[in-house]
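Okay, so here's the structure we're looking at.
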Amino acid sequence: MAFQTWQVGLDIQNTQLCALAIQRRRGGWQLCRWWQQGLPQDTLRNGVLQSSPELQAALRMLQQQLPQRYSLRVGLPTQLVLQRSLALPTQRLQEPALERYVTSAAQRLFPVEPEALALDYRASEADSQLYITAARQAVIAQWLAPLQQSALRPRVFELTTHALALTAQAAGLADDAALLLCHDAQWLWYSRAGESVVGSASLDITAEDVAQRSFPYASTLYGCAPSDVVLPAAFSPFSPFRLFTYQQPPLPQQEAAFCIAAGLALRPEDC
């Protein structure tokens, strides 16, 4: 057990860094450690990471406290990516043929030169669709640079909305439930009781409007927000730390800030 890999979720927000590390034990997940550090107001500009002495210091502190074996998953803002879907080919493709198929499709799906894009994709047998996510290589490089300068080795970048979905799924939320998160000056949500499973919206829209527009058929509502944001009474409080069977106090005062980091840490490894 001492040599088990830590799964680390790192969520860099505009004013703070939140991270936590977990490992699987018999009977559930163990919370190994958590980190929370303030950052400058302009750490993210339109979702693009801006390096700063404060960010580098926070990343170095994180790196120095990690064991030799870790799997680092980093949250990526949704506004940095383009997402499209297309039908799975009738002939079942294996790698690297599937990658070539995706690269070829990207040329017509995205208005950017294929060589300038970093592509990720997931095949869904349930609806026979291939879901493709594209981000500019230059943006990924800008996110990667301060991590590498701090000797951190990210295993994967994952969208914050998908990380929230992983948190909700790990909590065992029913299909007719919804989870609304106030995260970095925006709303993020997960619900199967709406047209879109995941989504985001500006805080200019009220929580009631988000619920009415995005998951009007959800019968159970959960909310996760900092203490200065008051959610309507219809939302039951949700804490991501409920997902960890083994904990050791003290725990952070603002548990809602770790909702994305929890989903990143819980993310299964890619095959």
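The values are calculated or read from the model by the stated rules, or taken from the named source; none is laboratory data. Computed from a prediction, not measured in an experiment: that's the story for all the values here. So basically every Cβ, Gly included, is an ideal-geometry build from the backbone, and we count neighbours across all protein chains shown. The accessibility values were calculated without ligands, DNA or RNA, using every heavy atom of the protein model including side chains. Shrake-Rupley method; radii C 1.70, N 1.55, O 1.52, S 1.80 Å.
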Ranking Ser150, Ser236 from most to least accessible area with a 1.4 Å probe gives Ser236, Ser150
Amide H within-cut-off set for Gly199, under 5 Å, with H built and near neighbours excluded: Trp189
Candidate residues Glu54, Glu158: accessible-area rank, largest first, probe 1.4 Å: Glu54, Glu158
Leaving ligands, DNA and RNA out of it, work out the accessible area of Arg69 with a 1.4 Å probe and give it in Å² to the nearest 10. 130
Order by accessible surface, 1.4 Å probe, largest leading, for residues Val210, Val230, Val198 comes to Val230, Val198, Val210
Region 136-236: equivalent-ellipsoid semi-axes (sqrt of 5 x gyration tensor eigenvalues, Cα, Å): 29, 15, 13
Relative contact order computed over the chain (Cα-Cα under 8 Å; 6+ residues apart), in percent: 22
Per the Debye formula with a single identical scatterer at each Cα and no solvent contribution, what log10 I(q)/I(0) holds for the chain at q = 0.17 Å⁻¹? -1.49
Hey, any idea what % of the chain's accessible area is carbon plus sulfur with a 1.4 Å probe? 48
In a GNM of the chain with a 10 Å cut-off on Cα contacts, which of Ser51, Ser202, Ser128 has the highest mean-square fluctuation? Ser128
Between Gln253, Gln83, Gln23, where does the largest GNM mean-square fluctuation fall for the chain, given springs only between Cα atoms within less than 10 Å? Gln253
For Leu203 the rounded accessible area (nearest 10 Å², probe 1.4 Å, non-protein molecules ignored) is 70
Above 19 Å lies some portion of the pair distances; for region 208-271, what is it as a whole percent of all C-alpha pairs? 46
Please identify the helices of the chain, taking whole runs of DSSP H, that span at least 27 Å along their own axis as judged from the Cα atoms and have a mean Kyte-Doolittle score of 1.6 or higher. none
May I ask you to derive the relative contact order of region 57-147, considering only C-alpha pairs under 8 Å and at least 6 residues apart, and to give it as an integer percent? 33
Where in region 211-262 are there chymotrypsin sites (Phe, Trp or Tyr not before Pro) that are in a DSSP coil and have at most 16 other Cβ atoms within 10 angstrom of their Cβ? Tyr217
Given springs between every Cα pair under 10 Å in a Gaussian network model of the chain, which of Leu164, Leu44, Leu82 has the largest fluctuation? Leu82
Calculate, for the chain, the solvent-accessible area per residue in square angstrom, rolling a 1.4 angstrom probe over the heavy atoms of the protein chains. 52
Among Ile260, Leu86, Tyr246, whose Cα lies farthest out toward the positive end of the dipole of the chain, if unit charges sit on the beta carbon of Lys, Arg (+1) and Asp, Glu (-1)? Tyr246
Debye, to nearest 20: dipole size of region 69-162, +1 on Lys, Arg Cβ, -1 on Asp, Glu Cβ: 240
